[in-house]
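Below you'll find the structure, written out as structure tokens, and then a few comments.
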Amino acid sequence: MSEPVSTVITALISPTQERASAGLMGAGQRLSETVGAEHVVVACGPEDSESASGLAHGADRVLLVRSPALVRDRQEVWLQCLTRMGSELNPAAIVLGNDALSQEITPRLAHRLGGASIGDAQTLTAEEGHISITRSVYGGKAMAKVKLQGTPAVVWVRAPSMDPARGRATPGQIEEWDFATEPEMKIQLLETQMDAGEGDRLEDARIIVSGGRGLGGPEPFEKLKELAKVLKGQTAASRAACDLGWAPHSWQVGQTGKKVAPQLYLASGISGASQHIMGIADSKAIAAINTDPNAPIFKHCQFGLVEDFHQVIGPLQEKLAELLA
Amino acid sequence: MNILVCLKQILDPEVPARDFSLARSHLQADPTCADLVTNIFCENALETALQLRDRHGGRISILSLGPASVEDTLRKGLAMQADAAFMILNDTGHLPDSAATAKALAAAIGKLDRLDLILTGHESGDWGAGQTGGLLAEELGLPFIAFVDEIEETGPDRLILRQQNDSGWQKFSAPMPVVASITNSDHNLPRIPKIRDIILANRKPITSWSLGDLELSPDLFLPEHLLVRVTELTIPQAKGDCAFIEGATKEEKIGKLAEKIAAIARSI
Ligand SMILES: Cc1cc2nc3c(=O)[nH]c(=O)nc-3n(C[C@H](O)[C@H](O)[C@H](O)COP(=O)(O)OP(=O)(O)OC[C@H]3O[C@@H](n4cnc5c(N)ncnc54)[C@H](O)[C@@H]3O)c2cc1C
């Protein structure tokens, strides 16, 4: 008789963001290898057979969940579906992404499976039969290693900044998983509103221009948008700027906001509080425009300009438009 | 409407990095390296509750788990005009994880009158696990919505909750009772209590329970019993090798900045 194989489940429940999905797949695959477990990827399907075969290149098994109720807004359905999978497959770990839905589900799924939950994992390891992760704590002022003493370990990771999965020589098996029962919906979705000016999600952006309280009002954020257009990038903001209503909340980057990993993060009028840095630390390069040469943001920068944003933005945009024409 | 807001007391998250230090155990921050404050998201939650009560009436209770010092957090909540305050005294010297916290909060909630709405902060400014709200909902067997920044009452038994998500927001209708974790927005900045209310709050009663009073095991918070256990804590160092752009004139500096940015943009 063969040993029962353990599994690591990667739950791709918001599959639209390429970079996040790739990073999540990678995190799940590497953890499954460390644990010596089968890598099972769960995704919505099977409408898009091309992406399913893509997933199979990073997994032993791909479970495409088919349910009429399974739209991503319905946390209840995913929760029940993953709970049932968790109890059938008895995984060592369930790895989720950092989208809002995954974050919302993580603690509840762990509780239903009698496991341990944690979020914002940057690295995952297995030691003495337990999963350990590292994460930033105290608003980014310290780094903790945390041992999950319950099984399964239900963990959401900073998906976009994780390395993608290694391609396998032989793709894994693709199976369909019917989840027919429509659970009773206690919570009903009434209305959805997208914030203006968001094309790609911030997590996928290669260049981000971001503004903070130092910009002094909502108008300069319009200028940031224009600069972003020139750079084919996205706009973001600090919590202070969002709380002041100068930028929509979906732009917030940091501990509570998005965790981004662009090639360039240009911060204007942002002091660089540790909670803000937590969201940008994975950027390839950070640059800043700030009037204060002692602003903590410069400690994290590759290059920086000590100047007033209002004096810089106009000529900078012109110059860049010229250089990138 | 009967609302409960859970409040966590934490080390001031705005403490400058140079003052931040670790306790001798190297498993938590030195509790004396900064002031103790109420977690900002918990205050956002209390503000959300206060605004609901301003519009629709009702009663707000606040609940905090922690050492004796959490009395300060509860007094501040009372000064912000919460109606009643409850504390679960943790004098074990151990820090609970989110799951043990949720268990203790749920046990205390079992002692209260029927609640219609239970709020937590989305995450705390110290450990920032962001798990307690969801775990508490499961402990209580109630529906849960995370990242809520606005709540409206509609009729006697349902609420409309607005959830911030990855690219905007969604509104949900939920039956009461419901648990929600609150995040920050431009309309739930916590109000500043008036001096008079601060003084009055000092005279209000606070109900305090021990773990035993809630029929919870004194071992609930022992590190080896936790589901999530901190095993190492370190302070990372910032690199600090920023190349400041120099130049004789502003134009020259802006030109150099543009070149650097363009070089990265071209390489993508
Ligand atoms: C639990 C918790 C979670 C948090 N989560 C987040 C988060 O997710 N994201 C986040 O951003 N913050 C977060 N914060 C808040 C964080 O601590 C800071 O308060 C916030 O980041 C400050 O925003 P800011 O840099 O825009 O403003 P400030 O700190 O006020 O900085 C403004 C900067 O602008 C500069 N400036 C002023 N005028 C000009 C000018 N004309 N031109 C150029 N520069 C100028 C100033 O020198 C200053 O450095 C969190 C805090 C807590 C407690």
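Below is a table of values for the structure above.
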item	result
Gaussian network model of chain A, Cα within-10 Å springs - most flexible of A:Thr256, A:Thr291, A:Thr192	A:Thr192
Set of lysines with alpha-carbon distance to B:Lys194 below 27 Å, sequence-local pairs under 8 removed	B:Lys8, B:Lys76, B:Lys204
Cys residues of chain A counted as unpaired, since no other Cys beta-carbon is under 4.7 Å	A:Cys44, A:Cys81, A:Cys242
Fraction of beta bridges assigned by DSSP in segment A:7-176 that are antiparallel (%, nearest 5)	30
Per residue value of the accessible surface for segment A:202-324 (all protein chains in place, 1.4 Å probe), Å²	35
DSSP beta bridge pairing in chain A, given as percent antiparallel to the nearest 5	20
Free-standing Cys, chain B [no other Cys Cβ under 4.7 Å]	B:Cys6, B:Cys33, B:Cys42
Burial order of peptide ranges A:298-306, B:202-210 (average beta-carbon count within 10 Å, highest first)	A:298-306, B:202-210
Estimated distance in nm for a label pair at A:Ala169 and A:Thr291, the labels positioned 7 Å out from Cα along Cα-to-Cβ	6.4
Segment B:117-230: C-alpha gyration tensor shape, a/c 1.5 cut-off, then a/b vs b/c	oblate
Over 19 Å between alpha carbons, listed pairs A:Lys232/B:Lys253; A:Lys258/A:Lys284; A:Lys259/A:Lys284; A:Lys225/A:Lys319; B:Lys103/B:Lys171; A:Lys145/B:Lys239	A:Lys232/B:Lys253; B:Lys103/B:Lys171; A:Lys145/B:Lys239
Segment A:255-325: C-alpha gyration tensor shape, a/c 1.5 cut-off, then a/b vs b/c	oblate
Whole-angstrom gap from segment B:120-138 to segment B:60-85, using each part's C-alpha centre	18
From phi via Karplus (6.51, -1.76, 1.60), per-residue ³J(HN,Hα) for segment A:213-221 in Hz, x at Gly/Pro	4, x, 6, x, x, x, 4, x, 5
At least 40 Å² accessible surface lost relative to isolated chain, residues of segment B:252-268 (1.4 Å probe)	B:Lys253, B:Ile254, B:Leu257, B:Ala258, B:Ile261, B:Ile264, B:Ala265, B:Arg266, B:Ile268
FRET efficiency, B:Ala263 to B:Ile160 (Cβ-Cβ, R0 45 Å, nearest 0.05)	0.35
Rounded to 10°, Cα long-axis angle of helix A:100-112 versus longest principal axis of chain A	40
Average accessible area per residue (Å²) across segment B:68-214 - probe 1.4 Å, nucleic acids and ligands excluded	37
Carbon + sulfur, % of accessible area of the protein assembly as shown - ligands and nucleic acids excluded, 1.4 Å	49
Nitroxide proxy distance, nm - points 7 Å out along Cα→Cβ at B:Asp30 and B:Lys194	4.1
B:Lys250-A:Gln188 pseudo-label distance in nm [points 7 Å out on the Cα-to-Cβ vector]	5.8
Inter-chain shielding of B:14-25 (mean C-beta neighbours from other protein chains, 10 Å cut-off)	3
Solvent-accessible area buried by pairing A with B, both sides, nearest 100 square angstrom, 1.4 angstrom probe	7300
Extension reserve of the B:Asp113-B:Lys239 stretch, reckoned as 0.36 nm per residue once the Cα distance is removed	40.0 nm
Three-way shape call for segment B:2-225 based on the alpha-carbon gyration tensor, with the a/c threshold at 1.5	rounded
R0 of 30 Å, Cβ-Cβ distance B:Ser21-B:Ser217: FRET efficiency to nearest 0.05	0.35
Among A:Ser210, A:Ser136, A:Ser87: highest mean-square fluctuation, GNM of chain A, C-alpha pairs under 10 Å	A:Ser87
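The values are calculated or read from the model by the stated rules, or taken from the named source; none is laboratory data. Since this is a predicted model, take the numbers as computed values, not measurements. Backbone-built Cβ (ideal geometry, glycine too); neighbour counts: all protein chains shown. SASA here: full protein model, heavy atoms, side chains in, ligands and nucleic acids out. Shrake-Rupley method; radii C 1.70, N 1.55, O 1.52, S 1.80 Å.
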